[in-house]
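The values are calculated or read from the model by the stated rules, or taken from the named source; none is laboratory data. As the structure is a computational prediction, the values presented were derived from the model and not from experiment. Every residue, glycine as well, gets a Cβ built from its backbone with ideal geometry; the counts of neighbours run over all protein chains shown. For accessibility, only protein heavy atoms count, side chains too; no ligands or nucleic acids. Shrake-Rupley method; radii C 1.70, N 1.55, O 1.52, S 1.80 Å.
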Amino acid sequence: ACPPLGIFNVSSVTFIDFQNSTVLLSNLGGLGPSPVEEAANIRFLAENDVSPQGIYYAGIGTEEIVTFEDTTTLFFDLYVTNKTAYVPNNVNRNGKRANQAGDFGVVNLADNQACEFEYIFVDRLSGARYTLQNSFQFFFFDLDTGLEGDLVESFEICDALEYETSVEFRNYSVPTTLNVSIVTNAEGESCFLFTATAPFSGANNPTFQSDIFAPTVEDLSEYTIDNMLPFIVVLTFPSGLSSFDVKYTITPAKEVGTSGRNFLYTGFVAGNFVDYFPCPPTLPPSLPPSPPPLPPPSPPPPSPPP
């Protein structure tokens, strides 16, 4: 933050890094593939009244709180759990992309299904819920339909402050394929609903953030611009959250119950942080204006006559 005098007093930023996280548990819906006994090794699940039906990402997050005197780094994990009945197509796809080594988290859902998930932040040291001190961004990718117009993906979220599509994100100005609407949930809250309108196969699934994030759109490949960017959503959340909910929905396949889709998501990482700078040095106060020059001396009086 830069107060009017331009003195750097405090700033903070939240990093959520899936690539450097470790999936300690993958057990959404209690369906594995991790054995439920592994939950006993996770302090948050062992010491709190929390369902062991979820995905636990350890070592995923940091918050840097910078003051004029020092920098404090706080660490947190992420737990994704289903709040309603969860029916997957393939639970082995849950966790992370690229054989659990990619930049993106994954939740797999069967066709003709809807499920609500809670994304919970966890204090890495205490094992309690962690409240983020700063606003943060979360990204969702690859919202599309099946090639025949079936398998339409959508997600609903009520906790976000604002959203960006490929039109607004980083001023890319790439047309989006998504339909965005405002809906009211059962609690009377206004929520964003993002619905896919364009078909695509898994060929446009990004593996690493570098596939999409670049300083300018000119730095991206033509394939990324045409086939990845139009399917993304960027959400900004307020500070003070310890969790947020997302409802994923997929419409039926041509043969109901025979297919499914992957929901991809990621966070804001240090490698993409290009605007985190302290305030510029304060300029010294201006010197008072110089006094006007003295007038030239008056000529001497004339000599008296002899």
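Here are some notes:
- Kirkwood Rh, angstrom, segment 8-120 [1 / mean 1/r, Cα pairs]: 15.2
- Loop-resident chymotrypsin sites (Phe, Trp or Tyr not before Pro) (DSSP state other than H, G, I, E or B) in segment 43-87 with no more than 11 further Cβ atoms inside 10 Å of their Cβ: F68.
- Label-point separation, I182 to S51 (7 Å along Cα→Cβ), nm: 3.1
- Label-reachable residues, segment 221-247, where backbone N falls under 18 Å from a point 7 Å from E168's Cα toward its Cβ: 229-239
- The calculated FRET efficiency for T71 paired with A203, based on their beta-carbon distance and R0 = 45 Å, is about 0.60.
- Diffusion of segment 129-252 by Stokes-Einstein, at 10 °C in a medium of 1.306 mPa s and with Rh set to the Kirkwood radius over alpha-carbon pairs, works out to 103 µm²/s.
- Potential extension, V217-A85 segment - 0.36 nm per residue separation minus Cα distance: 43.5 nm
- Mean-position separation - Cα centroids, segment 7-74 and segment 101-134, in angstrom: 9
- Based on alpha-carbon atoms, the Kirkwood radius and the radius of gyration of segment 72-121 give Rg/Rh equal to 1.05.
- Exposure rank, largest accessible area first [S242, S221; 1.4 Å]: S221, S242
- Both radii are taken from the alpha-carbon atoms of segment 52-168; with Rh as the Kirkwood radius, Rg/Rh is 1.01.
- Heavy-atom accessible surface of E156, to the nearest 10 Å², is about 40 Å², with a 1.4 Å probe and all protein chains retained.
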